[in-house]
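The values are calculated or read from the model by the stated rules, or taken from the named source; none is laboratory data. Predicted model only: the values in this text are computed from it and were never measured. Quick reminder, even Gly has a Cβ in these numbers, built from the backbone with ideal geometry, and neighbours come from all protein chains shown. With ligands, DNA and RNA removed, areas are computed over all heavy atoms of the protein, side chains included. Shrake-Rupley method; radii C 1.70, N 1.55, O 1.52, S 1.80 Å.
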Amino acid sequence: MKVGVLTGGGDCPGLNAVIRAIVRKAERHYQDSVIGFTDGWSGVLSGNFIPLDVNFMRGSLPRGGTVLGTSRMSPRMFEDGLDKVRATIEATKTDALIVIGGEGTLSAAASVQAAGAACVVAVPKTIDNDIALTEQTFGFDTAVSIATAAIDRLHTTAESHDRVMVVEVMGRHVGHIAIWAGIAGGATLTLIPEHPFDIEAVAATIMRRHRRGRWASIVVVAEGAIPVDGTLEMAEQAVDEFGHKKLGGIGQVIASEIEARTGFDTRVTVLGHVQRGGTPTAFDRVLCSRYGIAAIDAVHQKQWGSMVALQGGKMVTVPLADAVAEVKPVSPDLYEAARAFFA
């Protein structure tokens, strides 16, 4: 078979490890040929690709980013987008297309499959861990590890200067990174999109903590965290060229409000893209390898329109359309566990 691969959306630690696993089993076990479409769906729309083989992928297991490049382009942005995808698949004689991406990239893949423009198998990728029907997406463990290491370092400077430190982490619609890093890093409070916060309650919690003689506090906030209606005035968020709200800045707002309401010196650290850059953790390297192997196996089982997923510690396939129907929020049980450590 001839198999195409693309990586779309934001970059993520482990993308190269997934591609490497696909290529290795495709070439060595199935005797397939593999091509990589460059810059996400943009490469499929324009017909740009590079050949992939075991030699090309050597040394890529620990490498961050993606050797194929990525973009947020989607066939759904163009009236003839699906026709262009179909034309490229036919011109390159590609038998199957493995799409590695997050909610936006995989939603486009579901549309491509539904239109019969390509035979698609999907691999879930996002540091946010918000794709449904899979227990964990690759890149999440790396992002949490980076955030936790940063929080550990901020504890010492907060304690040295009797400060409140606000740490803003990624998490557009869900707070998985914030909750995990908050628990692992011993945060005073963790604010996530699933549970709107009351800034007065946040300030009161920090005041109580300081009255008990704890002079340093860490507040972890997901970038998509929102206040309870009517409790805090927020500026209207700008929208990018793809229609996504430009998030970020909530940490500064919260830090300013805490300082104004408590009088405590409060500083903010925005981790930003450092969470999605660099080498993947050992856990993510193994998970990526399993995802890649499962994807090429699904191709040879002709499980078109499926997404490989981690369930009960095993790799399975689930309907792609179901996986992208809604995002996966932080579970109530996990949130309650985190609340037990709130000051």
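Scan around VAL270 for amide H atoms under 5 Å from its own, H built in the peptide plane at 1.01 Å from N, and keep only partners 5 or more places away or cross-chain.
GLU168
Under the Karplus relation 6.51 cos²θ - 1.76 cosθ + 1.60, θ = phi - 60°, what is the ordered set of whole-Hz ³J(HN,Hα) values for the stretch 193-210, x standing for Gly and Pro?
Couplings: x, 5, 10, x, 9, 10, 4, 5, 5, 4, 4, 5, 4, 5, 4, 4, 4, 5 Hz.
Return the long-range amide H neighbours of VAL5 (sequence gap of 5 or more, or a different chain), with a cut-off of under 5 Å between placed amide H atoms.
For VAL5, the qualifying residues are ILE35, GLY36, PHE37, ILE98.
Let me know the charge dipole size of the stretch 259-341 about its Cα centre in debye, to the nearest 20, where only the beta-carbon of Lys, Arg (+1) and Asp, Glu (-1) is charged.
Charge dipole, the stretch 259-341, about its Cα centre: 200 debye, nearest 20.
Quick one: compute the contact order of the chain, relative version, from alpha carbon pairs under 8 angstrom and 6+ residues apart, as a percent.
22 percent
Just to confirm a number: summing +1 for Lys and Arg and -1 for Asp and Glu over residues other than GLU257 whose beta-carbon lies under 12 angstrom from that of GLU257, what do you get?
-3
Can you give the accessible area per residue of the chain, in Å², using a 1.4 Å probe?
It amounts to 43 Å² per residue over the chain.
Too long at a 31 Å Cα-Cα cut-off: which of LYS93/LYS328; LYS84/LYS314; LYS25/LYS93?
Over 31 Å apart, Cα to Cα: LYS93/LYS328; LYS84/LYS314.
For the stretch 286-294, take each phi angle, set θ = phi - 60°, evaluate the Karplus expression 6.51 cos²θ - 1.76 cosθ + 1.60, and give the result in whole Hz per residue in order, putting x for glycine and proline.
These are the phi-based 3J(HN,Hα) values: 5, 4, 4, 4, 5, 4, x, 4, 4 Hz.
Could you please report the charge total around VAL34, scoring K, R as +1 and D, E as -1 over all other residues with beta-carbon less than 9 angstrom from its beta-carbon?
Neighbour charge sum, excluding VAL34 itself: -2.
I need the phi-derived Karplus couplings for the stretch 79-92: 6.51 cos²θ - 1.76 cosθ + 1.60, θ = phi - 60°, integer Hz, Gly and Pro marked x.
4, 9, x, 5, 5, 5, 4, 4, 5, 5, 4, 6, 5, 8
Can you tell me the relative contact order of the stretch 69-213? Whole percent, Cα pairs under 8 Å, sequence separation 6 or more.
Dividing the mean separation by the residue count of the stretch 69-213 yields 15 percent.
Which residue, VAL123, VAL85, VAL253, has the most motion in a Gaussian network model of the chain that connects Cα atoms within less than 10 Å?
Highest fluctuation among the options: VAL253.
Over the chain, what percent of the accessible surface lies on carbon and sulfur atoms, probe 1.4 Å?
Here it works out to 51 percent.
Among PRO319, VAL308, GLY278, whose Cα sits farthest toward the positive end of the charge dipole of the stretch 269-330 (+1 at Cβ of Lys/Arg, -1 at Cβ of Asp/Glu, about the Cα centre)?
Result: GLY278.
State the antiparallel share, in %, of DSSP beta bridges confined to the stretch 1-83, rounding to the nearest 5.
Rounded to the nearest five, the antiparallel share is 50 percent.
Percent antiparallel among DSSP beta bridges with both residues in the chain, to the nearest 5?
In the chain, approximately 25 percent of DSSP beta bridges are antiparallel ones.
Quick one: if you stick a label point 7 Å off each Cα along the C-beta vector at ARG214 and GLU326, how many nm between them?
With each label placed 7 Å out from Cα toward Cβ, I get 3.4 nm.
Could you pull out every residue, at least 5 positions away or on a different chain, whose amide H is within less than 5 Å of the one on LEU191? Hs are placed 1.01 Å off N in the peptide plane, and Pro or chain starts have none.
Here VAL220, VAL221, ALA222 satisfy the definition.
Note down the relative contact order for the stretch 297-343 as a percent, whole number, built from C-alpha pairs under 8 angstrom at least six residues apart.
24 percent
Magnitude of the Cβ-charge dipole of the chain, K/R +1 and D/E -1, about the Cα centre, nearest 20 debye?
With only Lys, Arg, Asp and Glu charged at Cβ, the dipole is about 1040 debye.
Treating cross-link reach as a plain straight distance, find the aspartates and glutamates whose alpha-carbon is under 13 Å from the alpha-carbon of LYS125, omitting any fewer than eight places away in the same chain.
Those aspartates and glutamates meeting the cut-off are ASP11, GLU103, GLU135, ASP141, ASP284.
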